[in-house]
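No lab work stands behind these numbers, since they all come straight from the coordinates. Please read these numbers as outputs of a predicted model, since none were measured by experiment. Cβ sites come from the backbone with ideal geometry, for glycine too, and all protein chains shown count toward neighbours.
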Amino acid sequence: MLHRPLTLIYNHRVLLKRMCWRDISSRYRESVLGSLWAILNPLLMLSIYTFVFGFVLKSRWPGQGDNKVLFSLTLFAGLIIHGVFAETASRSTSVISENANYVKKVVFPLEILPLTVLGSAAFHAGLSLCLLVVANALIGTGLHWTVVLVPVIAVPILLATSGMAWILASLGVYLRDASQIVTFVVALLMYLSPVFYPLASFPERYRPLLYLNPLTLPIEQLRDLVIRGEVPSLVGVAAVYGVAILVTGMGLWFFERSRVGFADVV
């Protein structure tokens with residue numbers, strides 16, 4: 001189930017790379033600071049979260065004592081995972097209609113279009129992750145060796161998100177309200193994920209429901225590796241990989257079955 005998506009990405013890696021870079025550069029083409037915004041945006045976000053949650057609301061995470069900055073770093077880690085999902089989901093619903101000129105080109109691999117959106121989101125998440133690691137090393141819990149394991153949890157996140165992107169891209173062609181529905185779901189998942197609060201603060205009897213949220217385990221695993229310096233549970237990692245492989249295969253299958261009618265709709 002997994003070899004087909006990976007083969008697709010490998011066979012079109014050059015085209016995918018060029019389209020991702022074009023998508024990224026187009027965001028900052030007209031701005032004064034240009035691509036510097038790719039670094040300034042997460043830096044400004046981290047500064048705002050530190051001020052609001054650390055100094056104004058005086059929020060704390062269990063086990064972190066009175067460290068005002070550490071809460072914002074923990075929060076920022078959750079927002080990085082949610083950000084990849086949110087940006088990809090929000091843009092995938094319209095990616096086919098926005099590139100309608102490619103639809104009628106028989107030789108063009110339409111499967112690449114949702115991956116371009118994911119590639120752009122992953123690029124910005126990568127910059128935010130670098131900022132998180134540096135900030136945690138300087139003003140947080142330090143630089144942990146477990147940071148080198150981040151790619152282990154990044155792979156299933158990207159795989160699962162690609163599957164979701166293929167499904168939403170297909171639905172966006174036939175269901176014009178898809179973007180409105182996805183906007184609501186993305187916001188809902190942020191508050192149903194342990195982004196702004198620890199798992200322990202959720203009522204114990206309902207806590208298992210949080211694990212039905214596909215963002216919960218990746219968020220906790222990123223915090224384990226970068227902030228806590230702990231190796232995530234192997235069972236949890238295996239579960240994430242299992243779900244990722246399933247979603248990726250289903251997403252590509254759904255896209256390939258539904259793409260036959262794209263030209264008639266767009």
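Would you mind working out the magnitude of the charge dipole of the chain relative to its Cα centre, with +1 at each Lys and Arg C-beta and -1 at each Asp and Glu C-beta, to the nearest 20 Debye? It would help to have the intermediate numbers written out before the result.
Details: 20 positive and 13 negative charges, 65 e Å.
Approximately 320 debye in magnitude.
With a simple spin-label model that places each label point 7 Å from the Cα along the Cα-to-Cβ direction, the separation between residue 10 and residue 155 comes to 1.3 nm. Here are several values of Rg and Dmax of the Cα atoms in Å: [x] 17.8, 54; [y] 18.4, 59; [z] 19.2, 60. Which one was derived from the coordinates shown? So the structure-derived entry is [z]. Computed extension length for residue 263-residue 187: 24.2 nm, one decimal, from 0.36 nm per residue of separation with the Cα-Cα distance subtracted.
Placing unit charges on each Cβ (+1 for Lys and Arg, -1 for Asp and Glu) gives the chain a dipole about its Cα centre, and among 141, 252, 215 the Cα reaching farthest toward its positive end belongs to 252. Each label point was placed 7 Å from the Cα along the Cα-to-Cβ direction; for residue 52 and residue 25 their separation is 3.4 nm. The mean sequence distance of close C-alpha pairs (under 8 Å, at least 6 residues apart), as a share of the length of the chain, puts its relative contact order at 27 percent. Relative to the longest principal axis of the Cα atoms of the chain, helix 37-49 runs at roughly 40 degrees.
As a footprinting exposure proxy, order 202, 53, 184 by other Cβ within 10 Å, with the fewest listed first.
Details: 202 15, 53 21, 184 9.
So the ranking, lowest neighbour count to highest, is 184, 202, 53.
Under 11 Å from a label point set 7 Å out along the Cα-to-Cβ vector of residue 256, no amide N atom of region 85-112 is found.
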